[in-house]
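Laboratory data are not the source of any read-out in this text; all were calculated from the coordinates shown. Just so we're clear, the structure is a prediction, and the values are computed from it rather than from any experiment. All Cβ positions, glycine included, derive from the backbone under ideal geometry; neighbour counts span all protein chains shown.
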Amino acid sequence: MRKLLKRAVLILVLACMLVGGTGAMVVTQENEYKLIRQFGRIERVIDHAGLSFKVPFIQTMDTLPKEILIYDLAPSDVITKDKKTMLCDSYALWRITDPLKFAQTLNGSVANAERRIDTVVYNSIKNVISSMNQNDVISGRDGELSDAIMAHMGENMGQYGLELLSVETKRLDLPSDNKAAVYERMISERDKIAATYTAEGEAEAKVIQNTTDKEIAIQISDAQAKAAAVTAEGEAEYMRILAEAYGSPEKAEFYSFTRALESARLSLTGTSNTLILPADSPLAEIFMGR
C-alpha cells in the first residue's frame, strides 16, 4: 500500500514538473511578438526569435503579429470637389511597431486596431477626394492620390503603437446609376477640347502659310530684280563690245558690208528671186566689179 502511495506521489510530482517545465518555456517565431504578463500587467516584451522562459502559473503569455498586415476597407461613396459621387474601394498596409503601446491603447487586439484604421483611413480618403476635382482624382490613381492620403493622416497612428505603411486604391469608379451620364458628359467635354485644339492648330497653320507665301513672294521679287539688273549689265556690255569692235571707219565699213551681204542672202532665199539694187549701192558696186 505504501509502495502504491509513493508511486502515485512520484507520478504526481513528475506530472507537475512536466507541466511546469512546459508552461515555463516561451517559443517566439520570427513573425511575432510575445507579451509576458504577470497578474495582468505586462512584465516584458519578447521581440526576437528563440526560446525564453516565464514563471509558470504566475505569468501568462500573449502573441502579437510582427509581419506586415493588410486591412481591406469596405467600398464607400465619396464626393469630389465638383460634387461628383465616386465609389472608392481601398486597402491599407500596416504593422505593429510598439507592441507595449499597442497592448496598452488597443488592448492588444488586431480587431480594435483595424476598427481604428478603418475610421482614420476613411476620413482621410473622404477629405482628400473632397478637395479634388473628379478629373484630378482619376488621373491621380498612379500614386499621387495615395501620397495625398498618407500626408493627410500624418503620424497620428503612432500613438497606438502601429504604423500605416500605405493606403492603396483597388477600385475608384462611378456609381452604376449615373455612370453612363458621366461618361457621356466626359466624352462631350473631350470633344470640345479636341475641337478647340483643332481650331487653334488650323489658325496657327494659316499664319505659317501666309508668312511663308510672303517670304516666297519677296524672294521671287528680289530674284527678278537681280535678273533684270544682270540682263541690263549684259546688254550694256554687249553694246560696249559692239562699239569697241566697230569704232574705227574701216571696221564700220566692213560691218556695213557684211550686213549688206546678209541682207542680200536673206532676200534671195527660195527660187526665182530677183534682187534689184540701186546703181550707187555698195553691194551693186561689188557685183559690178567696181
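At-a-glance table
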{"quantity": "Estimated FRET transfer efficiency (residue 184, residue 217; beta-carbon r; R0 51 Å; 0.05)", "calculated": "0.55"}
{"quantity": "Whole-Hz couplings from phi, Karplus 6.51/-1.76/1.60, listed for region 145-159; x for Gly and Pro", "calculated": "5, 4, 5, 5, 5, 5, 5, 5, 6, x, 10, 5, 6, x, 5"}
{"quantity": "Distance (nanometres) between label positions extended 7 Å along Cα→Cβ at residue 107 and residue 70", "calculated": "2.8"}
{"quantity": "Spacing of the two label points (7 Å from each Cα toward its C-beta) at residue 45 and residue 229, in nm", "calculated": "9.3"}
{"quantity": "FRET E, pair residue 24, residue 100, Förster distance 22 Å, beta-carbon r, rounded to 0.05", "calculated": "0.50"}
{"quantity": "Separation of the residue 87 and residue 166 label points, Cα + 7 Å toward Cβ, nm", "calculated": "2.5"}
{"quantity": "Long-range Cα-Cα pairs in region 34-136 (distance over 16 Å), rounded percent", "calculated": "66"}
